[in-house]
Protein chains: 2
Amino acid sequence: MAVTIKDVARAAGCSIKTVSRVVNDEPYVSEATRARVQKAIDELGYVPNIFARRFAQQRSYTLGVLLHSGGYNQQAWLSSILEIGYEYNYDILPQSYFPAYKKSQQKLASLIHERRIDGLVTTPPCDLDEFVLQQVTQSGIPLVRVNPYDRSGDLPYVSGDDFQGARMLTQHLMDLGHRRIAFFRGPLNHRMSVDRFHGYRAALEEGRLEYRAEWVQDSLFNFDGGYNATRMVMRGEDRPTAIFAGSDESAQGALFALREMGIEVPGEVSVAGFDDMPLAGNTWPGITTVQMPYRNIVEQAVNLLVDVLNKKDSGLQQVILPGRLILRGSTGPVPDPQG
Amino acid sequence: MAVTIKDVARAAGCSIKTVSRVVNDEPYVSEATRARVQKAIDELGYVPNIFARRFAQQRSYTLGVLLHSGGYNQQAWLSSILEIGYEYNYDILPQSYFPAYKKSQQKLASLIHERRIDGLVTTPPCDLDEFVLQQVTQSGIPLVRVNPYDRSGDLPYVSGDDFQGARMLTQHLMDLGHRRIAFFRGPLNHRMSVDRFHGYRAALEEGRLEYRAEWVQDSLFNFDGGYNATRMVMRGEDRPTAIFAGSDESAQGALFALREMGIEVPGEVSVAGFDDMPLAGNTWPGITTVQMPYRNIVEQAVNLLVDVLNKKDSGLQQVILPGRLILRGSTGPVPDPQG
DNA sequence: CTACAAATTGACAACGTTGTCATTTATTGC
DNA sequence: GCAATAAATGACAACGTTGTCAATTTGTAG
C-alpha cells in the first residue's frame with residue numbers, strides 16, 4: 001500500500017540498505033547514488049515507517065516530561081519543550097506528576113517500561129521526588145533536570161540563574177533611586193526562593209544599603225501571598241518605596257493591595273515580579289520582571305539528552321543561564337522625598 | 001535481553017500466539033491456559049514490546065492534539081487530555097498550532113504522515129483552519145473537535161454549552177435581585193461569544209427584563225477588554241448593578257476598573273466571569289463564573305475517537321455538555337435602592 | 001456412536017526498517 | 001601495473017509482535 005524502502009530501492013536500482021543509508025545520512029554512499037536515491041524518494045513521496053524504524057532500533061525517539069500540574073510555570077516549560085522536541089525530531093510525552101502520588105508513579109513507570117522513553121526531563125518540583133530518582137537510576141534512563149529545586153548530586157541540570165536575576169532586578173530598583181526596597185521571599189524549601197533572596201541581599205550589599213528584616217516578608221509565591229505581604233510592609237510609617245515581590249503572581253497581589261490602599265504605582269511605590277508569566281504584561285501597570293530563558297534552557301536540556309543518547313556526551317553537565325530584565329510600567333523613579 | 005513473548009510461551013508451555021491472546025484479552029483461550037500464561041507473565045515480569053506491537057499492527061496508538069498557544073484555555077484542555085490519554089492507553093502528542101502558519105502546517109503534516117497518529121483532537125480555534133480540515137479529509141484520520149468555534153459541518157465535536165452557561169449565570173444574577181445587568185460580548189466571529197450573548201438575552205427575556213443595548217459592550221475576552229468595557233458602562237448615571245463580563249480575564253479587568261473607581265464588589269456592583277480559569281479563584285473577591293466540564297468533554301472526545309478507531313462508532317456524534325455555576329464572592333444581592 | 005459445529009491451539013508469514021558482515025569497486029602508494 | 005587499502009554496495013538476519021489459517025480438541029445434536 002504505502003511506499004516502502006523496497007519501492008525506492010527498485011526505482012533507484014540499488015539495495016534497500018543503500019536507501020537506508022541515504023535516508024539516515026550515513027557515509028559510504030557515492031554522490032551519484034545518493035542523488036539517484038534522493039530523486040526516487042522525492043518522486044515516490046517515500047516517508048520512512050516510523051514503527052519499523054523504532055522497532056529495528058529498539059529506540060523510541062521519545063522523551064518523557066514530568067510537569068507539576070498545579071505548577072509554577074508549567075505552561076512555559078511545556079510549550080518550549082514541544083517546540084524543541086519537534087526540532088530534534090523527538091516525540092514529547094508530557095505527564096503531570098504529583099510527587100509521592102501512587103498514580104503519578106504508575107505513570108512514570110509506564111513511561112519508562114511500556115513506552116520505553118529514551119530520556120526524561122523533570123520540571124520543578126519533580127526533581128525532588130524519591131521515586132523519580134530511584135526509577136531513573138534503576139532503569140539507567142538519562143535524565144535532565146530543568147530548573148531543579150535541588151542542585152545537589154551529580155545529575156545534570158539546566159537552570160535559570162535566580163540569584164543573578166534577583167540581583168539584577170534589585171540593582172534596577174536601586175538605579176531608579178530606591179533605597180528602601182522590600183522583598184517577598186517564597187517558601188524556604190524552594191531553592192529559587194533562597195537564591196532570589198540572596199540575589200536581593202547581594203545587590204543591597206553592593207549598593208551599601210542597609211538590610212532591614214522587617215522589609216523581608218516570608219510569603220507564598222501567589223496572589224494572596226503578595227497581597228498580605230504588601231499589607232504588612234505598608235503598615236507602619238517607615239514604608240519601602242519599592243517592592244520586589246519575588247514572583248509575578250505575588251506582584252499582582254501587591255498591585256491589588258496597593259490599589260486598595262490608594263497608593264499609586266509606580267508614582268509612590270514601585271513593584272517588581274519575577275518569571276515574566278503571561279499575566280505580567282496583562283495587568284495595569286504591566287509588571288517589571290525577570291524573564292528566564294525558558295526556550296534556551298529547554299533547548300540545552302534536550303540537546304544534552306540527545307547527545308547522551310547518541311553517546312556524544314557523558315551527561316554530567318550542569319548549566320546555569322542568566323535571565324533578562326523586562327521593564328514595564330510598574331517600576332519608576334523613587335518619588336521626590338520633598339514632594 | 002528483555003523478556004519477550006517467547007520466554008513467556010516457553011514458561012507457560014504454549015505457543016506465542018496463545019500468549020498474545022492472553023495479553024490482548026482475546027477470546028478462545030481456556031481458563032486454565034489463561035491462568036497459566038498469566039502466571040508466567042507475572043513471574044517473568046513480561047512487558048509487551050510496544051515497538052513490535054505498533055509495527056505489527058501499523059497503528060500508533062497515538063492521538064495528536066492541536067493547541068492554540070496563545071490560547072484561551074489551553075492549559076485546561078491539555079491537562080485533561082493527558083489524563084484521559086493515559087487512561088485509554090493512548091499516547092498524546094500535543095502541538096501548538098497557529099492557524100495558517102507554515103510551520104504549524106508542517107507540524108501537522110508530520111504528525112499525520114511521519115508520526116502516523118491514529119486520530120486528531122482540535123481545540124479552538126484550530127477547528128477553523130482550512131489546512132487542518134483539508135489534511136484530515138485527505139488522510140482520512142478521524143477528527144474530534146473540542147469546543148469548536150464552528151459547529152457547522154458533519155465533523156464530530158464535543159462542546160461545552162455556552163448558551164446554557166450564560167443563561168444560567170444571568171439567571172443567577174437575576175435571582176440575586178439584579179435587574180440592570182451589563183454584558184461584555186467577545187469577538188463576534190467566536191461562536192462562544194455569540195452563544196453566551198444569546199444565553200444572556202434568553203435569560204433576560206425569561207425574566208421579562210428589558211434588553212438595553214448600551215449595557216452590552218463589544219470587547220475582547222481579556223483583561224483590557226473588561227477594564228475598558230467597565231469604564232464605558234459605568235460612565236453615566238444609569239448604571240448597571242451587575243456585570244457579566246463574558247470571560248474570567250475580562251471579569252478581572254472589570255474588578256480592577258471598579259476598584260479604581262472606588263466601587264465595591266459585590267456591595268455595589270456584582271461581577272461574573274466565564275470559564276473558571278485558575279485565576280478566577282485567585283482574585284479578591286473570587287470571581288463567580290461558569291465552569292465547563294473540561295475533563296468530561298475531553299473524555300467524550302477521546303472516547304469517540306477510540307470507538308471510531310475500533311470501528312464501534314461511525315464518528316458522526318456531536319455532543320454538547322452543560323456547564324456548572326461556580327459561586328464566589330464577586331456576586332451578591334442587589335444593593336437596596338433606598339440605601 | 002457419528003457427524004458436525006464450536007472452541008482451542010499453534011505454525012508460520014508478515015510488518016519495514018537497521019545492523020552485520022561479506023563482496024565488489026575505486027583509489028593509493030610503490 | 002600490482003598489492004594494499006579505502007570506499008561503496010548488497011545479501012540477509014534480526015527486531016517481537018499480530019494476523020491468517022490450518023489443525024486439533026471438545027462439545028453437541030441426532
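Do we find that B:R231 is modelled with pLDDT of 95 or more, open to solvent by 10 Å² or more (accessible area, probe 1.4 Å) and within 14 Å of another protein chain (Cβ to nearest Cβ) in this structure?
The answer is yes for B:R231.
Out of (1) within 16 Å of DNA strand D (Cβ to nearest atom); (2) at pLDDT 95 or above, what's the single condition that is false for A:S30?
(2)
Given the structure, is B:G253 open to solvent by less than 10 Å² (accessible area, probe 1.4 Å), at pLDDT 95 or above and either in a helix (DSSP H, G or I) or more than 30 Å from B:V319 (Cβ to Cβ) (or both)?
So B:G253 does not fit the description; no.
Taking A:E83 as meeting all but one of (1) free of Cβ contacts under 8 Å to residues at least 60 places away in the same chain; (2) within 8 Å of another protein chain (Cβ to nearest Cβ), write down the number of the exception.
Result: A:E83 fails condition (1) only.
Is it the case, given these coordinates, that A:G323 is under 30 Å from B:L255 (Cα atoms) and either open to solvent by 10 Å² or more (accessible area, probe 1.4 Å) or of a type outside the set (F, W, Y) (or both)?
So A:G323 does not fit the description; no.
Name every residue in region A:162-207 that is crowded, with 23+ Cβ neighbours inside 10 Å and among the β-branched types (V, I, T), in order of residue number.
A:T170, A:I181
Would a scan of region B:115-128 turn up a residue that is at negative phi, open to solvent by 10 Å² or more (accessible area, probe 1.4 Å), within 16 Å of DNA strand C (Cβ to nearest atom) and within 11 Å of chain A (Cβ to nearest Cβ)?
Within region B:115-128, one or more residues are at negative phi, open to solvent by 10 Å² or more (accessible area, probe 1.4 Å), within 16 Å of DNA strand C (Cβ to nearest atom) and within 11 Å of chain A (Cβ to nearest Cβ).
Here is a list of conditions, (1) at pLDDT below 95; (2) at negative phi, and B:K311 meets all of them except one; can you say which number that is?
Result: B:K311 fails condition (2) only.
Among the residues of region A:1-23 satisfying the criterion of being more than 12 Å from DNA strand D (Cβ to nearest atom) and surrounded by fewer than 14 Cβ atoms within 10 Å (Cβ to Cβ), which is modelled with the lowest pLDDT?
For region A:1-23, the residue satisfying everything is A:M1.
Do any helices (runs of 4 or more DSSP H) lying entirely in region A:1-65 carry at least 1 residues that are away from chain B (no Cβ under 14 Å) and within 8 Å of DNA strand C (Cβ to nearest atom), and which ones are they?
Hits in region A:1-65: A:5-12, A:16-23.
Taking B:Y46 and the conditions (1) away from DNA strand D (no atom under 11 Å from the Cβ); (2) among the hydroxyl-bearing types (S, T, Y); (3) crowded, with 18+ Cβ neighbours inside 10 Å, which numbered condition does it fall short on, given that it satisfies the others?
Status for B:Y46: all satisfied but (1).
Residue by residue through region A:98-108, note down the ones that are more than 10 Å from chain B (Cβ to nearest Cβ), in a helix (DSSP H, G or I) and loosely packed, with under 15 Cβ neighbours inside 10 Å.
If the condition is that a residue be more than 10 Å from chain B (Cβ to nearest Cβ), in a helix (DSSP H, G or I) and loosely packed, with under 15 Cβ neighbours inside 10 Å, then A:K102 is the only one that fits.
Only one of B:G262, B:G281, B:G273, B:G225 is within 13 Å of another protein chain (Cβ to nearest Cβ), surrounded by 24 or more Cβ atoms within 10 Å (Cβ to Cβ) and not β-branched (V, I, T); which?
Among B:G262, B:G281, B:G273, B:G225, only B:G225 is within 13 Å of another protein chain (Cβ to nearest Cβ), surrounded by 24 or more Cβ atoms within 10 Å (Cβ to Cβ) and not β-branched (V, I, T).
The values are calculated or read from the model by the stated rules, or taken from the named source; none is laboratory data. Since this is a predicted model, take the numbers as computed values, not measurements. So basically every Cβ, Gly included, is an ideal-geometry build from the backbone, and we count neighbours across all protein chains shown. Ligands, DNA and RNA are excluded from the accessible area calculation, which covers all protein heavy atoms including side chains. Shrake-Rupley method; radii C 1.70, N 1.55, O 1.52, S 1.80 Å.
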